[in-house]
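Scroll down for the structure; my scribbles are underneath it.
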Amino acid sequence: MPGREDMPSTIRRSNEKAQDTWAKTHDSAVETYGEGERSHRTAFAALKHSFEKVGDHWEPKGRKGPSDEQSERSYRETPVPTAGGVDANASKEHLVEVAGKLDIPGRTDMNKAELVKAIEKANNRRTAKARER
């Protein structure tokens, strides 16, 4: 399966369900759109409906649905910045919990937008560190 070969490292470090979701969606998108960025975006969009990025891997979300404004949009609409796998549509309480897993200081004093940015930044740092290994 090409999806298994092209799978990003953050998904390889995730559970089997996340890997299957990404690979199956990617392979279907390749059949429809061909290899390339659109197939990868489609696979990530499907993944973000059931999983959120926490550190250097993806974990199941408590609820299914779009994770940010971009994942709510059609591919035909003008893209907007994503939250990098952070479930920006989650409650503030959930975001504080995720920030706690990532040891983000000052998390209880942050608003939702600040939490999303701080989690995204921490995720990027952890992913970069994991790729160095």
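Only one residue of 96, 43, 15 has its Cα farthest out toward the positive end of the dipole of the chain, where Lys and Arg carry +1 and Asp and Glu -1 on Cβ, and that residue is 96.
When you filter the trypsin sites (Lys or Arg not before Pro) in region 67-96 for DSSP loop state and at most 16 other Cβ atoms inside 10 Å of their Cβ, you are left with 73, 76. Counting only residues at least eight positions apart within a chain, or on another chain, the aspartates and glutamates with an alpha carbon under 17 Å from that of residue 17 are 5, 6, 27, 52, 56, 59. Can you match volume of the Cα convex hull per residue in Å³ to one of these, [x] 93; [y] 236; [z] 106, based on a calculation from the structure here? Looking at volume of the Cα convex hull per residue in Å³ for this model, the match is [z].
Do any GluC sites (Glu not before Pro) in region 13-117 lie in a DSSP loop with no more than 16 other beta carbon atoms within 10 Å, and if so, which? Write down the numbers at each step before the final one.
Values: sites: 16, 31, 35, 37, 52, 69, 72, 77, 93, 97, 114; in loops: 35, 69, 77.
Those satisfying the criteria are 35, 69, 77.
Please give the contour-minus-distance gain from residue 74 to residue 38: 0.36 nm per residue of separation, less the Cα-Cα distance, rounded to one decimal in nm.
Length gained between residue 74 and residue 38: 11.7 nm.
Please list, ordered by chain and number, the residues whose modelled amide H lies under 5 Å from the amide H of residue 86; skip anything fewer than 5 residues away on the same chain. So residue 86 has HN proximity to 53.
Need one number: convex hull volume per residue for region 26-97, Cα atoms only, in Å³.
Output value, Cα hull per residue: 99 Å³.
In this structure, the amide hydrogen of residue 58, modeled 1.01 Å from its nitrogen in the peptide plane, lies closer than 5 angstrom to those of 14, 15, counting only residues at least 5 positions away or on a different chain. In this rough spin-label picture, where each label sits 7 Å from Cα along the Cβ direction, the residue 28-residue 9 distance is 2.9 nm. Label point of residue 125 set 7 angstrom out along Cα-Cβ; within region 47-78, amide nitrogens under 13 Å from it belong to 55-56.
Region 13-34 and region 50-103 have Cα centres spaced 18 Å apart.
With a probe of 1.4 Å, find how much accessible area region 68-133 has per residue, and write the answer as a whole number in Å². Working shown, then result.
On the way: 4280 Å² over 66 residues.
For region 68-133, the per-residue accessible area is 65 Å².
The values are calculated or read from the model by the stated rules, or taken from the named source; none is laboratory data. Just so it is clear, the model here is predicted, and its values are computed rather than measured. We place every Cβ from the backbone using ideal geometry, glycine too, and count neighbours over all the protein chains shown. Side chains included, ligands, DNA and RNA excluded: accessible areas come from the protein's heavy atoms. Shrake-Rupley method; radii C 1.70, N 1.55, O 1.52, S 1.80 Å.
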